[in-house]
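What follows draws every value from the coordinates through simple rules; no lab data is involved. On a predicted model such as this, the values are computed, not experimentally measured, just so you know. Glycine also receives a Cβ, built like all others from the backbone with ideal geometry; neighbour counts cover every protein chain displayed.
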Amino acid sequence: MIEVKNISKHFDKKQVLENISCTFEKGKINLIIGQSGSGKTVLMKCAIGLFEVDKGAVFFDGRNFSELSFIERKPIRQEIGMVFQGGALFDSLTVEQNVMFPLNMFTNQTLKQKLDRVNFCLQRVNLSKVNKLFPSEISGGMKKRVAIARAISMNPKYLFCDEPNSGLDPQTSIVIDNLIQEITEEFQTTTIINTHDMNSVTEIGEKIVFIYQGKKWWEGTYNDLKSADNQELNDFVFATKVMKNLKASL
Amino acid sequence: MYFYRVMLSNTWFEVGRYWIFMKGLFVKPEKIVVYYRQVKHELNSIGVGAMGIVIITSVFMGAVITIQSSYNLVNPLVPIYAVGIVARDSIILEFSPTIIMLVLAGKVGSSIASEIGTMRVTEQIDALEIMGINSSGYLTLPKIIAAIFVLPFVVILSMFAGIIGGWVAGDLSGTVPSADYIKGLQDQFVPFNITFAMIKTVVFAYIITSVSSYHGFYTEGGALEVGQSSTKAVVYSSILILVFDYILTQLILA
């Protein structure tokens with residue numbers, strides 16, 4: 001479980017996050033939703049320590065991550081897997097080397113053990129015959145899947161995904177969503193997804209945090225969302241015709 | 001006045017951030033074997049990759065130095081073999097360790113800054129940091145070690161190429177007969193000049209790799225900013241090479 005307690009963050013004179021507290025539960029898909037520029041990515045980057053918070057703290061299963069030094073954070077970091085918006089695969093490495101990278105850095109496994117693990121992870125994300133290809137030689141959807149394979153290669157307890165569906169077609173988005181859901185259930189990870197894809201909200205959202213203008217505006221389950229009377233939340237979630245029709249049918 | 005104050009404070013900010021960046025390089029590495037592999041890769045990329053341009057530049061510069069020296073040394077009291085002495089000392093003391101390193105600041109420096117800058121804007125550095133890897137050390141230290149180790153060999157190669165270029169040009173143009181040139185090369189040779197050239201090369205290799213990595217590492221934005229970082233890396237490395245060229249010459253030779 002990850003607990004965010006009263007965190008605030010500003011850049012120059014702009015307050016980006018203001019006193020945000022929320023809890024992300026184990027074995028569930030926790031979604032952070034909100035408009036572009038609302039502070040979702042900053043919240044995620046504060047949670048994983050890429051940005052230092054001005055105030056407040058982040059707890060990983062009771063361990064105060066915010067007060068630890070770079071070296072002290074290492075053991076927790078090795079329990080974190082992250083899927084970036086653009087994949088963030090290393091251009092100079094092949095798919096196989098990308099997935100093997102954390103294993104090379106942090107384990108003393110033999111090459112065979114590492115290759116077995118890489119192949120398992122690639123199979124888990126339904127990729128085959130791409131081991132020797134470079135990131136520039138594969139499609140956007142495949143890059144996301146390789147990024148997921150790299151994120152799960154160390155058996156993470158916490159999985160962070162920053163807009164995993166951005167730039168993907170609807171069918172591939174569903175494949176990625178289902179994959180993240182299966183991995184969360186199978187490995188019982190605490191999964192946090194940053195998204196503004198409403199399809200993800202309706203399909204896989206279990207716990208939802210809505211960020212509005214840098215503040216936590218609403219928090220609840222998908223069932224709560226359907227009946228929520230929060231004006232800003234409803235304007236955001238039910239903005240499209242499809243979602244309006246869905247709301248009317250509820 | 002305000003302009004100078006802002007410029008001064010920016011300069012101090014950059015200097016301070018550069019030292020913090022340098023301090024980060026020497027945090028205990030995650031796994032020595034991974035760094036060793038990276039160093040081998042960089043030796044190839046920085047050293048072998050630069051051979052072509054170094055040889056071409058050196059041969060032609062050696063040729064030009066020889067022809068220009070013979071053109072200027074018209075006094076009948078100065079023997080023709082003095083051209084060999086002038087060419088040798090110019091190449092060893094200044095041309096190979098400084099001018100070639102300026103060329104490499106353009107080639108290697110821009111490549112390092114754009115490589116690391118692209119990694120920054122595509123979140124690859126964030127990915128390293130989330131894994132708990134000391135990204136500045138992992139990306140920069142192997143480059144610095146490789147450059148310090150391989151560039152002295154590149155500069156020695158440049159010295160040979162420059163001297164051969166001068167020999168061929170002098171002989172082909174008929175301005176400096178081969179025997180005179182070789183006699184000049186052997187006359188009044190000071191072995192310490194090679195040591196001095198190597199000291200300069202090591203310092204310049206450190207400047208090129210560290211300054212370029214620094215500019216790449218702190219790139220913010222997108223493709224445009226990667227280009228700007230690359231340009232800054234070349235400009236700052238070149239200026240620092242010239243400043244340290246003067247300082248080292250003053251300290252060691254004066």
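Quick notes on this one:
- The long axis of helix A:95-106 is offset from the longest Cα principal axis of chain A by roughly 90 degrees.
- Exposure proxy order (Cβ contacts within 10 Å, fewest to most) of A:K55, A:K13, A:K144: A:K13, A:K55, A:K144
- Between B:M7 and B:E220, the C-beta separation translates, for a Förster distance of 22 Å, into a calculated FRET efficiency of about 0.65.
- Proximity of backbone amide H atoms, modeled 1.01 Å from N, is registered between A:W218 and A:F210 at under 5 Å, excluding neighbours fewer than 5 places apart on the same chain.
- Amide H within-cut-off set for A:V130, under 5 Å, with H built and near neighbours excluded: none
- The angle separating the long axis of helix B:110-121 from the principal Cα axis of greatest extent in chain B is about 10 degrees.
- For region B:107-127 and region B:80-100, distance of Cα centres in Å: 36 Å
- Pairs from B:K28/B:K200; A:K9/A:K157; A:K114/B:K31; A:K14/B:K23 whose Cα-Cα separation, in the structure shown, is over 19 Å: B:K28/B:K200; A:K9/A:K157; A:K14/B:K23
- Take the Cα of A:N108, go 7 Å toward its beta carbon, and the backbone nitrogen atoms of region A:58-97 under 20 Å from that spot belong to A:74-76, A:78-79.
- Taking every DSSP helix (H) stretch of at least 4 residues in the protein assembly as shown, weighting each as -39,500 (n - 2.57) and dividing the sum by the residue count yields a mean residue ellipticity at 222 nm of -19000 deg cm²/dmol.
- Each of A:E18, A:E96 was scored by other Cβ atoms within 10 Å of its Cβ. Arranged with the fewest first, they read A:E18, A:E96.
- Relative to the current alpha-carbon distance between A:K26 and A:D91, full extension at 0.36 nm per residue lengthens the span by 20.1 nm.
- A simple rule links phi to the HN-Hα coupling: the Karplus curve 6.51 cos²θ - 1.76 cosθ + 1.60 with θ = phi - 60°, which for region A:155-160 gives 6, x, 8, 10, 10, 10 Hz, with x for Gly and Pro.
- Rounded to whole Hz, the Karplus (6.51, -1.76, 1.60) HN-Hα couplings of region A:27-39, x for glycine and proline: x, 10, 8, 9, 9, 9, 10, x, 5, 4, x, 7, x
- Two-decimal ratio, chain A, of alpha-carbon radius of gyration to 2.2 N^0.38 Å: 1.02
- Debye log10 I(q)/I(0) for region A:133-250, one point scatterer per Cα, at q = 0.11, 0.14, 0.22 Å⁻¹: -0.42, -0.66, -1.31
- Per residue of peptide A:147-153, the mean number of Cβ atoms on other chains within 10 Å of the residue Cβ is 1.
- Close amide H contacts of A:V16 (hydrogens built in the peptide plane, cut-off under 5 Å, sequence separation of 5 or more or a different chain): A:K9, A:H10, A:F11.
- What the phi angles of region B:17-29 give under the Karplus curve with 6.51, -1.76 and 1.60, with θ = phi - 60°, is a coupling list of 5, 4, 5, 5, 4, 5, 4, x, 5, 9, 5, 3, x Hz, glycine and proline written as x.
- Cα centroid separation, region A:61-115 to region A:182-201 (Å): 19 Å
- Our summary gives chain B a relative contact order of 33 percent, counting only alpha carbon pairs under 8 angstrom and 6 or more residues apart.
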